[in-house]
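The values are calculated or read from the model by the stated rules, or taken from the named source; none is laboratory data. Values in this document were obtained by computation on a predicted structure and should not be read as measured data. Positions of Cβ are backbone-derived with ideal geometry, glycine not excepted, and every protein chain shown enters the neighbour counts. SASA here: full protein model, heavy atoms, side chains in, ligands and nucleic acids out. Shrake-Rupley method; radii C 1.70, N 1.55, O 1.52, S 1.80 Å.
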Amino acid sequence: MSIVRFENVCLAYGLRPLLDEVCLAIEPGEKVCLLGRNGEGKSSLMRLLTKEIEPDSGSLIFEKGLKVGSLPQSLPEADDRSVFDVVAEGLAEIGLVLAQYHALIDKQSHGESLDAESLNELQNLQEKIESQDGWSFQTKIINILKRFGLDENQQMKALSGGWRRRVLLAKALINEPDLLLLDEPTNHLDIDTIKWLEQRLKEFQGALLFVSHDRAFIKSLASGIIELDRGNVAAFKGSYESYLIDKQKMLEDEARQDQLFDKRLSEEEVWIRQGIKARRTRNEGRVRALKAMRDERRGRIEKQGKANIKIEEADKSGKLVVEVKGVSHSFSSSERLVIKDFSLTVMRGERIGLIGANGAGKTTLLQILLGKLIPASGSVRLGSKLEVAYFDQLRGGLDPEKTVFDNVADGHDFININGNSKHVISYLNDFLFTAERARTPVKALSGGETNRLLLAKLFGRPSNVIVMDEPTNDLDVDTLELLEERLNSFTGTLLLTSHDRDFIDQVVTSTLVFEGQGKVSEYVGGYQDWVRQTGGVMAVESKTIAQADEGLGSVVEPEEVFVSKTAVKKPVRKKMSYKLKHELEQLPAKIEGLEEQVEALQARMALSDFYNQSHEVVEEVIASLTAAERALEEAEERWLELEEEAE
């Protein structure tokens with residue numbers, strides 16, 4: 001039985017329908033990706049499910065008692081709230097009470113004495129918690145924080161974007177929702193965190209509906225696809241790969257039907273122009289049918305065209321693009337080296353991708369390679385005739401107060417693309433900006449539109465070296481694939497950072513991987529090639545809590561919080577049973593065996609001829625590795641749990 005049903009739901013902003021008589025069902029336990037171009041209404045559909053907005057017409061029917069959790073696209077504020085308080089907000093009223101109680105207890109634990117009013121408030125909060133079985137919810141919060149590697153007392157302002165998103169996911173899951181909604185969950189996350197998120201979501205037992213343009217993430221999670229296209233919704237069962245096949249067939253069928261319809265309409269228009277004989281009584285039905293066909297044709301919403309990305313190429317650079325020798329560098333406010341004794345020679349035409357955790361130093365290395373940042377030690381030599389086009393992930397190349405047109409035109413009406421003069425409006429049309437949208441200030445654009453504009457500005461200037469820092473955020477799949485195509489046809493040199501594994505695989509020929517403690521190693525091929533060569537082990541720092549401006553710090557394990565009627569005394573613990581003691585004694589050997597199993601499977605996958613075997617054998621080994629890693633993680637968590645109980 002469906003947990004949510006859309007029945008003839010309509011939603012429109014202005015004259016453009018986002019949902020047009022949509023009928024849709026979400027089933028228990030299914031994991032579905034919601035696809036659609038930027039601006040098609042995906043976020044609006046999600047807001048309908050969270051009841052933030054109401055449909056213009058039609059009905060949304062929710063299963064009685066359905067619990068919905070959501071992870072918004074935007075990051076939470078980097079404020080003074082503790083991780084515990086943010087996660088507790090997911091429990092509504094009791095969560096607020098627990099957060100207030102936790103704040104007072106935290107003050108006591110740091111040596112602050114509470115005045116009479118605070119002690120009285122503490123007592124009242126404790127009574128509320130007991131009356132609502134709140135201690136069990138407190139335990140749930142602590143357990144999920146441990147599972148997610150979060151320190152309950154850490155302030156949000158001390159966390160990087162990736163770790164704040166992890167806090168939001170814990171908040172969304174704390175109430176054990178039947179339906180979990182995720183809007184672009186991988187944006188601004190590094191690869192290790194994305195893989196961690198994939199694993200957590202695979203373990204989730206409820207229904208999952210998520211919006212994403214990360215194809216590797218979709219392939220890993222989705223058991224079905226829902227596509228939003230021109231106000232209509234189409235549901236596809238099965239994998240992302242099967243969706244691509246079915247979608248292509250559907251588009252071909254639609255084009256064939258439209259062609260037949262247009263041919264018949266053209267014939268009827270010729271007939272109606274024959275004159276008075278068409279208006280005889282016996283032909284009135286045919287005239288009415290023609291009017292209906294005209295209305296249908298007028299109401300057809302044409303599919304939005306694809307962006308037409310072209311790159312203005314400059315004359316060739318010198319054969320040497322950049323040479324660095326013995327380069328080391330650290331963040332200005334930290335002793336930690338992000339780059340240590342690194343040497344590299346980049347030749348004309350090379351295509352290099354940078355892979356690493358957030359805060360590992362990828363942007364820093366790009367700045368060094370461009371000669372924009374002087375390293376602490378080592379030498380940098382730039383080649384000759386370099387014309388660099390730089391895509392800034394912070395979009396610093398755009399003036400938010402100026403219009404789309406003015407950001408690209410720079411005071412001119414025409415732009416030269418590979419020797420051809422083109423009006424700026426026409427050029428912007430290639431990037432899916434209408435004449436009206438071209439007059440819009442940049443600050444009013446969506447994330448996807450802003451990225452398309454940055455691409456338009458970037459590729460409108462001659463270049464023989466393209467440097468792209470996280471170019472894929474907010475781009476829809478169609479634009480992403482076209483960008484890949486254009487970059488692959490670019491004859492100059494390419495340097496890019498990205499957490500989109502598919503994008504890296506499609507575009508680069510070698511990778512620089514940040515492996516921790518300042519070590520940066522070069523590997524032939526893209527992301528999957530690196531995984532095959534190494535097993536995919538990245539920087540140790542990527543598994544720790546990140547600091548806001550320096551990247552990564554160390555994980556602080558949260559202390560166990562025990563609560564009782566006195567609020568300041570810890571309850572007496574029961575002695576550990578013989579059965580649990582025996583289990584604890586057996587776990588180290590079990591963990592060691594699982595570690596050996598994981599290492600053996602990773603070594604097998606790293607062999608150069610591993611993927612030459614049959615598809616069934618490869619899939620079996622991958623499945624075995626996934627199962628072994630999951631069993632190892634569960635065993636380690638159980639060992640920690642029993643160790644704490646034994647203390």
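Scanning for something under 27 Å from Leu18 (Cα atoms), at pLDDT 85 or above, part of a helix (DSSP H, G or I) and not hydroxyl-bearing (Ser, Thr, Tyr), does the stretch 192-204 turn up at least one residue? Write out each step before concluding.
Taking the stretch 192-204 as the starting set, the residues that turn out to be under 27 Å from Leu18 (Cα atoms) are none.
Within the stretch 192-204, none of the residues are under 27 Å from Leu18 (Cα atoms), at pLDDT 85 or above, part of a helix (DSSP H, G or I) and not hydroxyl-bearing (Ser, Thr, Tyr).
Inspect all residues belonging to the stretch 445-452 and state whether any of them is within 29 Å of Val322 (Cβ to Cβ), open to solvent by less than 10 Å² (accessible area, probe 1.4 Å), of a type in the set (S, T, N, Q) and part of a helix (DSSP H, G or I).
yes
Of the residues Glu54, Glu40, which is in a loop (DSSP other than H, G, I, E, B), at pLDDT 90 or above and of a type in the set (D, E, K, R)?
Glu54
Could you check how many residues of the stretch 443-464 are within 17 Å of the chain's Cα centre (by Cα) and within 18 Å of Glu485 (Cα to Cα)?
Number of matching residues: 1.
What number of residues in the stretch 1-30 are open to solvent by 70 Å² or more (accessible area, probe 1.4 Å), part of a strand (DSSP E or B) and within 23 Å of Leu66 (Cα to Cα)?
4
Suppose we keep only residues that are of a type in the set (D, E, K, R) and at pLDDT below 80 within the stretch 122-146. Which one would you say is surrounded by the fewest Cβ atoms within 10 Å (Cβ to Cβ)?
We begin by selecting, within the stretch 122-146, every residue of a type in the set (D, E, K, R); these are 127-128, 130, 133, 140, 146.
Now drop any that are not at pLDDT below 80, which leaves 127-128, 130, 133.
Details: Glu127: 13, Lys128: 17, Glu130: 12, Asp133: 9.
Applying the filter and picking the extreme gives Asp133.
Residue by residue, here is whether (1) crowded, with 18+ Cβ neighbours inside 10 Å; (2) over 23 Å from Lys319 (Cα atoms) holds:
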site	(1), (2)
Leu365	yes, no
Ile368	yes, no
Leu373	no, no
Ser384	no, no
Tyr390	yes, no
Lys402	no, yes
Asn416	no, yes
Tyr427	yes, yes
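Take Asp478 and tell me if it is in a loop (DSSP other than H, G, I, E, B) and either among the basic types (Lys, Arg) or more than 20 Å from Leu366 (Cα to Cα) (or both).
Working: in a loop (DSSP other than H, G, I, E, B): no; either among the basic types (Lys, Arg) or more than 20 Å from Leu366 (Cα to Cα) (or both): yes.
For Asp478, the condition - in a loop (DSSP other than H, G, I, E, B) and either among the basic types (Lys, Arg) or more than 20 Å from Leu366 (Cα to Cα) (or both) - is not met.
I'd like to check something: does the stretch 184-204 contain any residue that is charged (D, E, K, R), buried (at least 20 other Cβ atoms within 10 Å of the Cβ), closer than 19 Å to Lys31 by Cα and under 18 Å from the mean Cα position of the chain (by Cα)? Working first, answer last.
Going through the stretch 184-204, the residues charged (D, E, K, R) turn out to be 184, 190, 192, 195, 198, 200, 202-203.
After this cut, where a residue has to be buried (at least 20 other Cβ atoms within 10 Å of the Cβ) as well, the list is 184, 190, 192.
Keeping just the survivors that are closer than 19 Å to Lys31 by Cα gives 184.
Among the residues that remain, those that are also under 18 Å from the mean Cα position of the chain (by Cα) are: 184.
Among the residues of the stretch 184-204, at least one is charged (D, E, K, R), buried (at least 20 other Cβ atoms within 10 Å of the Cβ), closer than 19 Å to Lys31 by Cα and under 18 Å from the mean Cα position of the chain (by Cα), which makes the answer yes.
Would you point out the residue of the stretch 604-623, among those that are within 20 Å of Tyr527 (Cβ to Cβ) and at pLDDT 80 or above, that is surrounded by the most Cβ atoms within 10 Å (Cβ to Cβ)?
Val621
In the stretch 317-357, how many are within 18 Å of Glu522 (Cα to Cα), assigned to a loop (DSSP other than H, G, I, E, B) and open to solvent by 20 Å² or more (accessible area, probe 1.4 Å)?
3
Only one of these is in contact with a Ser or Thr (Cβ under 8 Å, 6 or more places away or on another chain), part of a loop (DSSP other than H, G, I, E, B), at pLDDT 80 or above and within 30 Å of Gln73 (Cβ to Cβ): Ala389, Ala360. Name it.
Details: Ala389 fails: part of a loop (DSSP other than H, G, I, E, B).
Only one candidate qualifies: Ala360.
For the stretch 66-82: of the residues being within 13 Å of Ile174 (Cα to Cα) and among the aliphatic types (A, V, I, L, M), which is most open to solvent (accessible area, probe 1.4 Å)? Walk me through it before giving the result.
Filtering the stretch 66-82 for residues within 13 Å of Ile174 (Cα to Cα) gives 67-71.
Filter once more, so that each one left must be among the aliphatic types (A, V, I, L, M): 68, 71.
Working: Val68: 60, Leu71: 5 Å².
Among them, the one singled out is Val68.
For residues that are within 27 Å of the chain's Cα centre (by Cα) and surrounded by 19 or more Cβ atoms within 10 Å (Cβ to Cβ), scanning just the stretch 429-442, find the one that is nearest to Arg486 (Cα to Cα).
Phe431
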